[in-house]
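Structure first, then comments.
Any read-out appearing in this document is the output of simple, stated calculations on the displayed coordinates, not a laboratory observation. Since we're looking at a predicted model, the values are computed, not measured. Note: ideal-geometry Cβ built from the backbone for every residue, glycine included; neighbour counts use all protein chains shown.
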Amino acid sequence: SGAADVLAALGVHTRLTAEQAADCIEEVGMAFLFAPAFHPAMRHAIMPRRQLAARTVFNILGPLTNPASATHMLIGVFDPSLTEPMANVLGQMGVIAAFVVHGADGLDELSITGVNRVSHLLNGQVETFELDPIELGLPRAALADLQGG
């Protein structure tokens, strides 16, 4: 995943065991759970998704079927029109707080390449807004600047 690649490039160990993830949550209040390791159903979808080389229903269903039953989430979506509906669905599923984000250049994560769309769920209420990294003091970058190699 893009998030796993970025975290790995930053030196974050993303291939945690369940025990290591629990320790992270205990120590810092959060952990990155790599879907193939923690989501049995998604494990079988990896190869077909790669072969299709296109966005599929799994991009939407995967986060909604999180086996951790997380009450607080950060989810990226490939289409900006999905941020608000996805946040509302999460609320209906009992999620207390979530950020559903869509980044500039079609990214399914926050980006410094342009303005991001964010839908924030908190206690059943959803607020949607734009988040411009320049307003946060971050420089704008081209998509090619972000790609690893």
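One table, with the values for the structure above:
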item	result
Cα gyration tensor shape for segment 1-68, rounded if a/c is under 1.5, else prolate or oblate	prolate
Global form of segment 3-149, assessed from the alpha-carbon gyration tensor, a/c cut-off 1.5	rounded
Within-15-Å neighbourhood charge of GLU19 [Cβ basis; K, R +1; D, E -1]	-2
DSSP-defined beta bridges in the chain - what % are antiparallel, rounded to 5	75 percent
Spacing of the two label points (7 Å from each Cα toward its C-beta) at HIS72 and ALA97, in nm	0.5 nm
Sorted by Cβ density within 10 Å, fewest first, the residues VAL57, VAL101, VAL6	VAL57, VAL6, VAL101
Sorted by Cβ density within 10 Å, fewest first, the residues HIS102, HIS72, HIS39	HIS72, HIS39, HIS102
Pairwise label distance in nanometres, GLU26 with LEU143, each label 7 Å out on the Cα-Cβ vector	4.3 nm
Unit charges on C-beta of K, R, D, E only; dipole of segment 1-68, Debye	520 debye
